[in-house]
Structures are given as structure tokens and as C-alpha cells.
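The values are calculated or read from the model by the stated rules, or taken from the named source; none is laboratory data. The structure displayed is predicted, hence computed values, not measured ones. Here Cβ is always computed from backbone atoms with ideal geometry, including for glycine, and neighbour counts include all displayed protein chains. The protein model used for the area step is the full one, side chains on, heavy atoms only, and it has no ligands, DNA or RNA in it. Shrake-Rupley method; radii C 1.70, N 1.55, O 1.52, S 1.80 Å.
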Amino acid sequence: MLNTDNNLNLNQNSNGVNEKFLNPYNPQETEKKQYQLWEESGFFNPDNLPERHKKPFTIIMPPPNANGSLHAGHALFVTLEDLMIRYKRMQGFKTLWLPGADHAGFETQVVYEKKLEKEGKSRFKMDPKELYDEIMQFTLHNKSFMENQVRSLGASCDWSREKFTLEPEIVRTVNETFKKLSADGLLYRGKRLVNWCSKHQTSLSELETEGVEKEDKFYTFQYGPFQIGTTRPETKFGDKYVVMHPDDERYKEYEHKQKIDLEWINGPITATIIKDEAVDMEFGTGAMTITPWHDTADFEIAQRHNLEYEQIIDFYGKLLPIAGPEFEGKNITVAREEIVKKLDKKGLLVKVEENFNHNVKICYKCNRPIEPQIKAQWFIKTESLAQKALEAVEKGEVKFITKRHKKIFKHWLENIHDWNISRQIIWGIPIPAKICTKCGEGMVDLDNSISKCSKCGGEVKEDIDTFDTWFSSGQWPFATLDFPEGEDFKNFYPTDVMETGHDILFFWVARMVMLGIYRTGKSPFKDIYLHGLVRDAHGKKMSKSKGNVVNPLELSEKYGTDALRMSLLVGNTPGNDMNLSEDKIRAYKKFANKLWNVSRFVLDNTKDLGEIDLNDERLKSLSRSKIELQNLQKITSDITKDLDNFQFHIASEKIYHYIWHEFADKIIEEAKDKLDEIETQLMLLEILQTCLKTLHPFMPFITEEIWESMPIKNKKLLLIEEWSK
RNA sequence: GGGCGAUUAGCUCAGUUGGUAGAGCAGCGCAUUUACACUGCGAAGGUCGGGGGUUCAAAUCCCUCAUCGCCCACCA
């Protein structure tokens, strides 16, 4: 299947140019071969790098979710991180790029549930253990698939150190953090209002919900002497508090905590008047009733005044017995109109306004409205953690490449809420805790040794919830380096660059900084490079429903990985979204071809030199005298500066421009008249080898392939060649 | 309700300390025994969203307006 002529031992070309250069550049063949050579060389592993590689440079790879194929965003991060790693490796750093795979708790469970649904099954009818094992199989299968995709994008990461988020060592670290948080008083189990998704049957963090504008009917009801407005009549069964602003002149005759009798949905009730400043006097009538169990704002009011809470809606979105026999068990979506009808009949409906615009929270996965519910969950007190993270940013221990993200980051940390880390899903790390069946007390229990409640002595049961994925992945940088005792932790922590998508700045980056400092005392990384979203050619967000999703592997198959990589680098500024079009990739395929032909020309016309030594005195004196070589030096030094400043979009364009419009268009054209001069030949070879080195981090495959044919003595892999100074 | 980003050639985007506007694609013209048709070369194309200001000089700094997009926020 392989064309052996193109594969082996074509380095010595005493009788003319390599045969392989007679054909156009063939990325598919080259890429497989070169990746294998790199991997077998062992140089992806920092321990195997030559002596000169001393100072560590580390990137922890954002572990891709092991639940599907890679998308364009993955191709982008692999390209950016591989660029940095290859550049630093050539510069002589002891580079570690640590790959991983994420079980991606809720994400994967959602993917798997969809699969189950298609097969007519439901997770709620399955044995939890069986379900877990099935998802594990599914994940491990995808994991190896995903790893090969990362390979084919050219990632020079150390596979020997690869970590999976559900490995025992990772789980141990995560559990210990949980315990430490508890010991330090930063963890509590509280009955708090959580974002409940009735479809997925789990609570979600603030970040896992989305706010959307929605038009609803706005109802005004007569509630005793008051008129109260609502968009959610179905929650009103339990409303027995009517709240107004203490300064509202209209209601000054009523006193705080005053009781009044009134007629309501299912008959007469006694309501209590509450005065609270949270009420907006300008809105509606300035009076409202509250449903503390199902509304965040109401919950806070209720807490302030020590009011009673009642659950109206169950966890499946159905009304509870409190709604009375007429409504009990009905789905809230159908009950709403019926309740309005009933109130109307009783003469309590004042008016209905159509098209009332308001914000509602929805589940970011299924877009169903979130039903706030009170539930006992584990919460992390985030304030002190956030404080430390802010200090690290202030002191410059963590730097943002895109300064606007520093602002966004700080703003979020300054307004942080406590973090609910309990999830009611099976696919994840089980929370190592016991819950008292009597008083509800939660106790952290890593070694399964607690058998009765520490507070009331009651029976305990295991907590069946799992951790929010981000709680464990927030510890990724130190967990993967075998914190606290491992050699890797001592050598490679803190890491150097965190490169990831700006969409997970809060989800992940902020949590890593907080938890990293909390566990290790140091920020887990020094520089944060955030990339934007990869959009389609016209700036539209890629989505399966729109059918504009591109598969990076198909593109790399079609145009070559190097071309794909260049198209993701040129003109892509840090932090900003980018558009990816096939036209652009095609342009860099042409560039690869151009370089291929340049190399053919140079190699074909420098045969007289034989094999030369890179330290050849002739090259050195040439560098001092030739204007072309001085210009080249200027270019490479500019590019070095750009790379150091994370200006990859500029660096990539510079090398592209130089090779095509300087080297090929001018230098080679002018050299054609004096090809018989040794000096000319030396110059061409020198420029070519410098171009290959400089271009290697951007386009690793073709440069290594050409390098293989360079007539250079004691040649190493280009992968570990020295970066041109 | 706050905050942020964008607005540059027909399209998609670069342009990091202010110094006569750049790339890819599309379109136009020329070139076919050559390193390269998976091509080369050349030309064309922009009052840098509007208005105002600072400056010898502004796409770049400041103010303001407009349109689009994103993020954050417990207003029934």
C-alpha cells in the first residue's frame, strides 16, 4: 500500500534530487510516517530530550470530552498549543505537553441519554450500576478514537503521561480536596435553591443555565385588598405572604407581619404582609406575593424574614397535593390556564397582558425552563478562594494575553456565588459522603468509615450524588502532575500556559486558579491564552442543525494537516472568534506546494556542496556578508518576538510572506544567474534550512519531510533542532 | 439594567508603542518545455461605520452617535 520509494533512505541524493520531489507533496503519506517517527523518537516525553533541554516549559492540554468526534475548536487548540510546544522545544526548553481525556460528566451523560432515547430506553429505568458501566464503555471507546484524532493533527504531546479524569489517582486528589474544604470550613451541605432541570433530573450550576428573553402573559389577580402580578399562576397555591416596599405610601396603612384574611384559589386563606426593600415600587402595583421554594428572589426575601417554605411543584414538573385535588398531579404547563380560568370565575382575575417580556432561565442542554427547587446539596464557599485568585491576578502571577478577559475574569470573581457541586447524575465521581437519614447532616467520608450521624447519632446513608465535572477538572493542572509528592509536580508545576476557549473562562479557568491556589499555594499557570469560537466561512456559529459543522479530520485529509493548521493561525487574533473557510485552507495547501517546489529547486541546485556541517565556517562568514542573510536574520528575530508575545497570527503571516515573496520570488529568481557559484548555493541552503526551522512549529509535517532530505551532516530530527537565533 | 467586542477592498479577516493601508478568496489581464498548472507574474480595487476633538501627522488616542454580536444581572 505504501510507496516504498517515498519512504526510506532517500537522504543521500548524489545523483540528483530526491525522487520524492518529482511528485507533488503528498500530505497523507507524509503525515502518518512523520508522526510515527516523532513518536518513536521519544522526544515528546521531556525525560528523553537531549542534554541542552533544561528549563521546563509545560502546557496541560484541556482534556477533550471523550464522547464524540473532535470539532474545529479542538483542531484550533491542538494547533495553538502544539505551535507553542514545538517552538519552545526547539529553543531548548524541557517541554511537557500533557494530554488527557475528560469523562465530562453531565455532557457525556446527556449524549448517552440521547443515544438511549433513540433506542427507546430511559436511564431512569436502568440499574445505576449497569448504566455506569455502559457509559464507561462508551467513553473508553470514544477516548481511543479521540486520541488518534489528536495525533493526526500533529500534537507533539507526551502520551506516556496521558491522564483520564476518572483514574483512581485523580479521584483520590479530588476527594482529598473535598475533605480539605470541609476541614477548612469552606464546604457546607445546605438546603438551598438550586437550578433544577425537570428533564435531566439534576441540579445545575449558574453557568449551566442560560437566560433567554421570553414573551409570556402577565396576569394581575385580586389578592385581598391588593392586586398582584405574576407570569406563573401555577406557583401561587402556596403564596401566603404579600410583600411591598416599606416606603410605599400606597400601603402605609398595612404593617409588617400584619395578617389578613382573603379568598384565594382553593378557598379562604390567611396571608401575612411583609415589608421588604427588594420590591420595586415602580413595577406593577408595587405589591407581590412570593413563592420561596421556586424563585430565587422570593427565597432570599423568605430567608431575611424567616418565612415558611412550601414545595408546590415536584421534581418532574407536576403539582403537589398542596394544589388541591383539582390540580394535584397536573403538569404545570397545562395547569396554568386552568388556574387562571378558576380565578376568573371567582372574580379574582383583574387583567391579562399579552406579550410581557421577561428573562427566564433554561437548561443549557435541553432549553427547557429551569424550575428552581430547594434541595440539600454540597456547596463550596467561594469568597475566600476568589479573593486569592484575584490577588494572583493583581500581582501578575497569572497574566491574561487578552487584557479584556482580565476584566471579565475579575468581575466574575468579585461577584461570585457559592458553588453547588452536587449533581444528581450517575456519570461522574461519586461524592464521598454520608447523609443522616434523620437530621439530614452531611459528613465527608473518604474511607467509608462513618456509620452514624455525628450530630444526632441517627442512621446514615451514602450520598448518591456525583461531583460537578468542573469541580474535578478544576484541579486538573496539579492532579495530573501527581500532586503532592510526584516528581512531575516538583518539576513542572506551576505550568506555563493555559490555552483554552474563552467560553469556559468561568467554568474552568477560574476554578483552576481558585482550586490550584487553594491546594498548592500557587497559581496553576502563568499565562492564559484564550481563543475564540471557530465559526463557518460567513461567521455563523457551527451547529448540527444548521449543517455547517466542519470536521477537522476531513479537512486535514483533504488539504493536509499543515494547511489546516496554517489556516487556523493566520489572521486569528487571540480571544476573538474566527471564521474558517475551505478557501483559506486551500490557500495554505498551495503554500505547502510552493515550499515543496522551492525545496526541490534548492536541493537540486546545491548538489555540488555535498553534505555540509551547519557550523561550517563558510556559512558563518556568508551570514556576515550577504544582505539576504541579514534580512533573514531580521525576519526570524521578529518572528521569535511575535511568538514570545503570543502574536501567532502575525508570526505565521510573516513566515508565509517571507518564503513566498522574498525567498521564492526574489532571492531564488536572482540566484538563477549565478547558480554555479558555491556562495550562492550555500546561501540558498542556509535560507532553506532556516525557513524550515522557523516554519516547523506552524507546519510540522512538510518541514520535517523536507528536512529529511537536507544534505546536512549529523542531522537530528527537525523536531529537536535548534531554533534559529 | 450593567460590561465588553466588532464596524477596514465584492466576500472573510489582519494591521502591538500614531508616521504615505495588508492577506486569502472571488474578479480582471498576461504567461504554457518549467523549481512550481495543486502554477507564475501583473494590474485593479478602500474618503479604514457617521460626526467631533488632540497632534506636524489618526484605521490607530479621546468624546459622541449608529448598527451588529457576546457576556453578566434574583425585578414579580
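Computed quantities for the displayed model
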quantity: For the range A:430-481, alpha-carbon Rg relative to the globular expectation (2.2 N^0.38 Å, N residues); calculated: 1.37
quantity: Share of alpha-carbon pairs per 10 Å distance bin for the range A:358-433, given as whole %; calculated: 14, 30, 33, 22, 1
quantity: Accessible surface of A:PHE93 - all protein chains present, 1.4 Å probe, nearest 10 Å²; calculated: 40
quantity: Under 16 Å from the Cα of A:LYS395 - lysines, other chains or at least 8 residues apart; calculated: A:LYS403, A:LYS406, A:LYS407, A:LYS410, A:LYS522, A:LYS526
quantity: Restricting the range A:615-695 to GluC sites (Glu not before Pro) in coil, as DSSP defines it, with at most 16 other Cβ within 10 Å; calculated: A:GLU677
quantity: Which of A:GLY211, A:LEU153, A:PHE178, positive extreme of dipole for the range A:102-256 (C-beta unit charges); calculated: A:PHE178
quantity: Separation between Cα centres of the range A:330-380 and the range A:646-719, rounded to whole Å; calculated: 66
quantity: Among A:ILE322, A:PHE409, A:LEU481 the positive-end extreme of the charge dipole of chain A (Cβ point charges); calculated: A:ILE322
quantity: Of A:LYS666/A:LYS713; A:LYS626/A:LYS674; A:LYS55/A:LYS725; A:LYS634/A:LYS693; A:LYS121/A:LYS546, pairs whose Cα-Cα distance is over 23 Å; calculated: A:LYS666/A:LYS713; A:LYS121/A:LYS546
quantity: Computed Rg/Rh of the range A:469-616, alpha carbon atoms with Kirkwood Rh; calculated: 1.14
quantity: Distance histogram for the range A:466-541 (every C-alpha pair counted, 10 angstrom bins, percent rounded to whole numbers); calculated: 19, 45, 24, 10, 3
quantity: Kirkwood hydrodynamic radius (C-alpha pairs) into Stokes-Einstein, the range A:233-278, 37 °C and 0.692 mPa s, D in µm²/s; calculated: 288
quantity: Anchor A:LYS252: aspartates and glutamates whose Cα lies under 20 Å away (excluding residues fewer than 8 positions away in-chain); calculated: A:ASP261, A:ASP276, A:GLU277, A:ASP280, A:GLU282
quantity: Listed pairs A:LYS191/A:LYS345; A:LYS114/A:LYS584; A:LYS88/A:LYS388 exceeding 32 Å between Cα atoms; calculated: A:LYS191/A:LYS345; A:LYS114/A:LYS584
quantity: Rounded accessible area of A:ILE450 (nearest 10 Å², 1.4 Å probe); calculated: 50
quantity: 22 Å Cα-Cα threshold exceeded, pairs from A:LYS125/A:LYS179; A:LYS94/A:LYS490; A:LYS341/A:LYS361; A:LYS179/A:LYS381; A:LYS558/A:LYS716; A:LYS589/A:LYS654; calculated: A:LYS125/A:LYS179; A:LYS341/A:LYS361; A:LYS558/A:LYS716
quantity: Proximal lysines to A:LYS240, defined as alpha-carbon separation beneath 16 angstrom and excluding residues fewer than eight positions away on the same chain; calculated: A:LYS257, A:LYS259, A:LYS275
quantity: For chain A, alpha-carbon Rg and Dmax in angstrom; calculated: 32.0, 108
quantity: Helix A:296-305 vs. chain A, principal-axis angle (Cα, 0 to 90°, nearest 10); calculated: 50
quantity: Hydrodynamic radius (Kirkwood) for the range A:372-499, which is based on Cα pairs only, to one decimal in Å; calculated: 17.5
